[in-house]
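Colleague: One structure coming up, written as structure tokens, with questions to follow.
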Amino acid sequence: MTNSHDMPGGLWRLPLAGAVALLLGVGFGRYVFTPLITPLVESGWFTAEQTARLGAINLLGYLIGAAGANRYAGWLGPRRAIASCLIALVISLVACAWPWAMIVYGFWRLIAGAAAATLTIVVTPAIMARMPAARRPLASATIFTGIGVGTMGVSLLVPRLASAGIGATWLATAGVGAVLAWISWLGVWRHLPAEAAPGDDTAAAPASAGHTPWVLIGLVVAAYGLSAAGYVPHSLYWVDYIARELGRGLEAGNRYWLLLGLGGVIGPALAGITARWLGFERALVAAFVLMTLATALPLALTGIAGLGLSSLVVGAMVPAIITLTAGTVHALSPVARQRQIWGWATLSFAATQAVGGFAMARLYAFAGSYATTIAAGAVILVVATGCSLAGAIGARRRALAVRADRSKG
């Protein structure tokens, strides 16, 4: 039960604290590395191939965090788990300020990825359990908006610091991260109980699964996982692709990264509006179609319009697909299975993202071109779109069959 005296403040402070946690975890912990790839290469800290591997190591950390997040939160409790991840992220940012050997630098990128994934998985359900049902859609949109705001913040902060040196950029980012961690922790500490709410138990007794549409759920989960691999070129190499491969310079690359972050801010709200209009399943197919086209667009158009549209649409569709996949999974799953199946979807996303990260790094080392990785990402998204379309068609047929059965009864 929620205490009556703390719920009014918690109605907006707790989702904001969650948004700041994801801002730090994903925006800083993961995406700060993307606009720093070019300076890292040009300063001689690492080669382009090594930065690609470091990006993949960060994705591996995300996979590790996703696999262990629920158990970790069960061991420490949500509040302490969130606090430890916030601290680990700030330490990892500080540690990256020195040109360590690859193995040491990779370790800290691994830690950042694991902490980011843990926050992503632990924060949202812990906060949703404290929110009245009517407030949950807005709270969810607020939390996931933190990812886009973090990406935008990185694109604004890093270029202004890069001239001071890579070490100074990491340390300044860590300083901002420490402030963000403190803000997030204040909201979590004041409005989130030390232990999980009873409804947070992911091991709840399962309902009868006799009518659970496992094939449809599997198609949606597969599409969601493939979307992570298709997004790898934009999430890791986009700035360096524009800055060095297209020869536009780091400032231009960061402008397009800012656009990608702006898309991330509007994506959750756009997904909610579209889902109310089309339904979750069809809205998810539309989001995959748009993301596939936007990912492939730079293969044909590398002017301002092509790069700008690709940045904005891909940035918006990533959180939109997260939101719509969650809604689709919940619509298809029995109530007692929803948390479990969403956990599978998150693990699928993390696993495919990690595998895709290493595969894209190898592909770049072989081809010597980011355009090749973008093409590979687009092909993967075509397959993901097909899976989501098959799932939507199946869900529609299932809904019609249910209606027919009810009318007969």
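Here, each number is a calculation from the coordinates, and none is a lab measurement. Everything numeric here is computed off the predicted structure, so don't read it as measured data. Quick reminder, even Gly has a Cβ in these numbers, built from the backbone with ideal geometry, and neighbours come from all protein chains shown.
Colleague: Calculated from DSSP H runs of 4 or more alone, at -39500 (n - 2.57) each and per residue, what is the 222 nm mean residue ellipticity of the chain, nearest 500?
Modeller: On the way: 13 runs with 316 residues, N = 409.
Helix-only estimate at 222 nm: -27500 deg cm²/dmol.
Colleague: In the neighborhood of Gly65, defined by Cβ-to-Cβ distances under 12 Å, what is the net charge if each Lys or Arg adds +1 and each Asp or Glu adds -1? Intermediate results must be reported in sequence, preceding the final value.
Modeller: Working: positive: Arg30, Arg71; negative: none.
Result for the local shell: +2.
Colleague: Nearest 10 degrees is fine. How inclined is helix 338-367 to the longest principal axis of the chain, computing both from alpha carbons?
Modeller: Roughly 30 degrees, rounded to the nearest 10.
Colleague: Between beta-carbons, use under 11 Å as the cut-off and find the net charge around Ser388, counting Lys and Arg +1, Asp and Glu -1.
Modeller: Working: positive: Arg282; negative: Glu281.
It works out to a net charge of 0.
Colleague: Could you state the orientation-averaged shadow area of the convex hull built on the Cα atoms of region 209-409, in nm² to one decimal? Please report the intermediate quantities before stating the final value.
Modeller: Details: hull surface 46.5 nm².
Mean projected area for region 209-409: 11.6 nm², to one decimal.
Colleague: Between 0 and 90 degrees, rounded to the nearest ten: what's the tilt of helix 304-332 against the longest Cα principal axis of the chain?
Modeller: It works out to around 30 degrees.
Colleague: Taking the chain as a Gaussian network, where each spring joins two C-alpha atoms under 10 Å apart, which residue of Trp214, Trp189, Trp238 fluctuates the most?
Modeller: Checking each option, the largest mean-square fluctuation is seen for Trp214.
Colleague: Report the convex hull volume per residue for the chain, counting only C-alpha atoms, in Å³. Let's see the in-between values first.
Modeller: Numbers: hull volume 53.1 nm³, N = 409.
For the chain, the hull spanned by Cα atoms encloses 130 Å³ per residue.
Colleague: Compute the Rg to Rh ratio over region 72-191 from the alpha carbon atoms, using the Kirkwood formula for Rh, and round to two decimal places.
Modeller: 1.01
Colleague: Any idea what angle helix 280-296 forms with the longest principal axis of the chain, computed on alpha-carbon atoms, 0 to 90 degrees, nearest 10?
Modeller: 20
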